[in-house]
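The values are calculated or read from the model by the stated rules, or taken from the named source; none is laboratory data. Being a predicted model, the structure only gives us computed values, none of them experimental. Note that we place each Cβ from the backbone using ideal geometry, even for glycine, and neighbour counts take in every protein chain shown. The protein model used for the area step is the full one, side chains on, heavy atoms only, and it has no ligands, DNA or RNA in it. Shrake-Rupley method; radii C 1.70, N 1.55, O 1.52, S 1.80 Å.
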Number of protein chains: 2
Amino acid sequence: MPRPRSSAIWFTDEPDRRPRLSRERITRAAVDLLDVEGVQGLSMRRLAARLGAGTMSLYEYVSSREDVLDLATDAAIAEIEIDGIDGLPWREALSRQLRRSRQVMLRHPWLPALMATRPLLGPHALARSELVYALLHRAGLAGPRLVAAVGALTYYVQGFTAMENAWRGQQPDPAAEAELRRQAQQYLDRRGEAHPTLAQHADLGRDDFDASFQLGLDVVLDGIAAQLGTAGPPADGSGAEGSGRS
Amino acid sequence: MPRPRSSAIWFTDEPDRRPRLSRERITRAAVDLLDVEGVQGLSMRRLAARLGAGTMSLYEYVSSREDVLDLATDAAIAEIEIDGIDGLPWREALSRQLRRSRQVMLRHPWLPALMATRPLLGPHALARSELVYALLHRAGLAGPRLVAAVGALTYYVQGFTAMENAWRGQQPDPAAEAELRRQAQQYLDRRGEAHPTLAQHADLGRDDFDASFQLGLDVVLDGIAAQLGTAGPPADGSGAEGSGRS
DNA sequence: CGGTTATCCGTACAGTGTACGGAAGGAGTC
DNA sequence: GACTCCTTCCGTACACTGTACGGATAACCG
């Protein structure tokens, strides 16, 4: 049933300007929808409904669902603040910056998984990369060693936060979430003979994610500091066992 | 059309024993299917077809598609060898072990993304965790610092390999893959003014993933070595800015 | 006025996960 | 042998998915 398009326009004041949709509007709606429903819950139909548009209208601005996910990813990354760390020594600056990254990834729990599974070439992602690259370059790293250090930091933040979100899971209730972790801990203890070290030191009940995050981050930062102290690569000692394809 | 169930059994020799399906058979088929079609390509219908069974028969052994993915994840993890690193010093042992992990994650490109997005509590995953925990515990770490070190290593391996697989992408052809990277590099250079450090040091054309992986791994291992040298935590210097929920 | 182009979107198709309920046959009990 | 119960198998159905195709409308340009 096509609605009557041009009836009684004199009743409405300036009802619809020409382009109702846009890449930006779609992106914003996608981020909102992802926050509420998760990656599985973002469908083109729901997204269009949220914008008051027909489903296929989206495809005027967006080439596929994957495209929407790319846009939403870069838009969420844009929320990571990048100012206010100018005067700090490199270690403090990185610590601050990566804590900011984690905060945004907690606000958008779908983000780390998407970041880990696609090349990040959006403008905001590149700007955040540039910041970390520049900080470490000024600290004294360059070339492949610089790239390696950035990778170690980036993957740590993404991995930690992805796992944090996985544990928080679909449970928005912190009590239910704690209960789930308690059960997992019990399961771990029950099978404790098979993995004693794990059972003894891993503490799933602990929910001080902030401190845990910082502890692991300090490991990587210590590694970078060590690299800054040495000129050449550390004594390697063994070649790659069964190297990659080709 | 229900097939005639008991006609002419005397023609067939022992045609079908009772339980044709099993959790193990489903798991093996799922891994095979994931290798060929990826996570998107694994559907319950295709999986059942590959096993010569009806779709709904799977649900006798498996509670959902998510369950299948959990099973496949642990089964793939089981392919990571864990022997033969007994006598080695901790650093060599970890290097070897994590290179093995990467090799398996390259053989099963879907694996790192699944590992990053779910708690890994399967028996084989726990056994691999125990190995890393035990190595670092013997090296001198314990408690939260041990957990943090394991996290830094694990997330690095997962993140690096996920990104490596993302770049390799759907392109099985290494030439097409190199071409894609070359285009991305050009794009990066074109926008080079916005991120000079990135443009100058990141080298997408480089495809020596083995060496790059090792370089980043050495950063994290250096960090662990540094932690082993100190008793207390390194001077922190700044509290968490805007701590997590609750 | 006619033609082009941009925007919107209804319909259709092939495919998805899984709830439900039924059928077949083995096992146990009288 | 007859009865019941339980395990295994799975056909059907439903609500939902991404998106190809082509038609409708209207703004803009000559």
(request) Kindly indicate whether any position in the range A:154-168 is more than 22 Å from residue A:216 (Cα to Cα) and either surrounded by fewer than 20 Cβ atoms within 10 Å (Cβ to Cβ) or more than 7 Å from every other protein chain (Cβ to nearest Cβ) (or both). (result) no
(message) Conditions first: (1) open to solvent by 30 Å² or more (accessible area, probe 1.4 Å); (2) touching a helix residue (DSSP H, G or I) at 6+ places or on another chain (Cβ under 6 Å); (3) touching a residue at least 40 places away in the same chain (Cβ under 8 Å); (4) more than 10 Å from chain B (Cβ to nearest Cβ). Residue A:113 passes all but one, so which condition is the exception?
(response) (4)
(message) Regarding the range B:59-68, can at least one residue be identified that is within 14 Å of chain A (Cβ to nearest Cβ), within 13 Å of DNA strand C (Cβ to nearest atom) and not in a helix (DSSP H, G or I)?
(response) yes
(request) Could you run through the range B:42-57 and say how many residues are within 23 Å of the chain's Cα centre (by Cα) and within 11 Å of DNA strand D (Cβ to nearest atom)? (result) 1
(request) Note down all Cβ pairs under 8 Å where the first residue falls in the range A:118-134 and is over 14 Å from residue B:192 (Cα atoms) and at the interface with chain B (Cβ under 7 Å from one of its Cβ atoms), the second is among the acidic types (Asp, Glu) and open to solvent by 30 Å² or more (accessible area, probe 1.4 Å), and they're at least six residues apart or on different chains. (result) A:118/A:70
(message) If I filter the range A:188-210 for residues that are at the interface with chain B (Cβ under 7 Å from one of its Cβ atoms) and farther than 18 Å from residue B:125 by Cα, do I get at least one hit?
(response) yes
(request) Considering every residue within the range A:6-24, establish whether at least one is within 10 Å of DNA strand C (Cβ to nearest atom) and either within 14 Å of chain B (Cβ to nearest Cβ) or modelled with pLDDT of 95 or more (or both). (result) yes
(request) Name the one entry in A:34, A:141, A:106 that is surrounded by fewer than 20 Cβ atoms within 10 Å (Cβ to Cβ) and either touching a residue at least 24 places away in the same chain (Cβ under 8 Å) or within 21 Å of residue A:216 (Cβ to Cβ) (or both). (result) A:106
(request) Mind checking which helices (runs of 4 or more DSSP H) fall wholly inside the range A:127-231 and carry at least 3 residues that are more than 24 Å from the chain's Cα centre (by Cα)? (result) A:174-190, A:196-201, A:209-229
